[in-house]
Amino acid sequence: MDSKEVFKVIQDNAKGLERMRNSSGIFKEAFEPSKLFESVKMAELAPPQIDTSYTQSLLDSIQQSKAEAQQREAEEQQREAEYKESVLSSLQGIEKNTALLTEMTSLLQTSNEKQDELFKLMVEILEIMKSKDQKEADTKFTAVTKKITAFADNANTLHSLINMAGTVYGSLPF
């Protein structure tokens, strides 16, 4: 087949397609945009319904987990604050006891003439710690302070012994 014959076949096919299009009207309407959606009213088209229940349940569980984590963090911070307070209180008690021991040692070393009596007073001061209740502690504290005022001839010694008795009395749990 030569090129003239090929060209003639192509022209015949094009004319056939044109006749088909004109006679049936199918192809004609399919390519006209205004007629393409004529049968479908846009107002009748509803937006698609999306099920968000799974997403909502995930969001709810995330929020719940976040709230629980915040609560745990707050509780942890509270426990840590209580622990720090407890440690600080213990350290302050140790500091008071250490100061008490230093004061006792100093008094015993400087009071050579009344050293035995001073030692007995210190033992009585420490006996306050053995009290079983507040009433017993009050009785022992009062008795010791009376002995201290009768014993001490030096203002510094009197002050030191009263401070020791007050420290011991103040450290009692009741």
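Does I50 satisfy the condition of being surrounded by 10 or more Cβ atoms within 10 Å (Cβ to Cβ) and either over 22 Å from the mean Cα position of the chain (by Cα) or in a loop (DSSP other than H, G, I, E, B) (or both)?
The answer is no for I50.
Could you tell me whether any residue of the stretch 108-119 is of a type in the set (F, W, Y), in contact with a helix residue (DSSP H, G or I) (Cβ under 8 Å, 6 or more places away or on another chain) and either assigned to a helix (DSSP H, G or I) or exposed (fewer than 10 other Cβ atoms within 10 Å of the Cβ) (or both)?
Looking for residues that are of a type in the set (F, W, Y), in contact with a helix residue (DSSP H, G or I) (Cβ under 8 Å, 6 or more places away or on another chain) and either assigned to a helix (DSSP H, G or I) or exposed (fewer than 10 other Cβ atoms within 10 Å of the Cβ) (or both), one finds at least one in the stretch 108-119, hence yes.
Yes or no: the stretch 83-103 includes at least one residue that is over 60 Å from the mean Cα position of the chain (by Cα), modelled with pLDDT under 80, small (G, A, S) and assigned to a helix (DSSP H, G or I).
Scanning the stretch 83-103, I find no residue that is over 60 Å from the mean Cα position of the chain (by Cα), modelled with pLDDT under 80, small (G, A, S) and assigned to a helix (DSSP H, G or I), so the answer is no.
Only one of these conditions is not met by E82: (1) surrounded by 13 or more Cβ atoms within 10 Å (Cβ to Cβ); (2) closer than 23 Å to F174 by Cβ. Which number is it?
All conditions are met except number (1).
Mind checking which residues of the stretch 119-174 are farther than 24 Å from T98 by Cβ and under 45 Å from the mean Cα position of the chain (by Cα)?
Scanning the stretch 119-174 gives K132, D133, Q134, K135, E136, D138.
Out of (1) surrounded by 10 or more Cβ atoms within 10 Å (Cβ to Cβ); (2) modelled with pLDDT under 90; (3) hydroxyl-bearing (S, T, Y), what's the single condition that is false for S39?
Unmet for S39, out of (1) surrounded by 10 or more Cβ atoms within 10 Å (Cβ to Cβ); (2) modelled with pLDDT under 90; (3) hydroxyl-bearing (S, T, Y): (1).
Between residues in the stretch 86-99 that are farther than 12 Å from V168 by Cα and among the hydroxyl-bearing types (S, T, Y) and residues that are modelled with pLDDT of 85 or more and surrounded by 12 or more Cβ atoms within 10 Å (Cβ to Cβ), which pairs lie under 7 Å by C-beta distance while being six or more apart or on different chains?
none
Name the pairs whose Cβ atoms lie under 8 Å apart, with the first residue in the stretch 134-147 and in contact (Cβ under 8 Å) with a residue 24 or more places away in the chain, the second of a type outside the set (K, R) and outside any helix (DSSP H, G or I), and 6 or more positions between them or separate chains?
Q134/L172; Q134/F174; A137/S131; A137/L172; A137/F174
Confirm whether V123 is assigned to a helix (DSSP H, G or I), among the β-branched types (V, I, T) and surrounded by 13 or more Cβ atoms within 10 Å (Cβ to Cβ).
No; evaluated as a whole, the condition is false for this residue.
The values are calculated or read from the model by the stated rules, or taken from the named source; none is laboratory data. Computed from a predicted structure; not experimentally measured. Neighbour counts run over all protein chains shown; Cβ positions are idealised from the backbone, glycine included.
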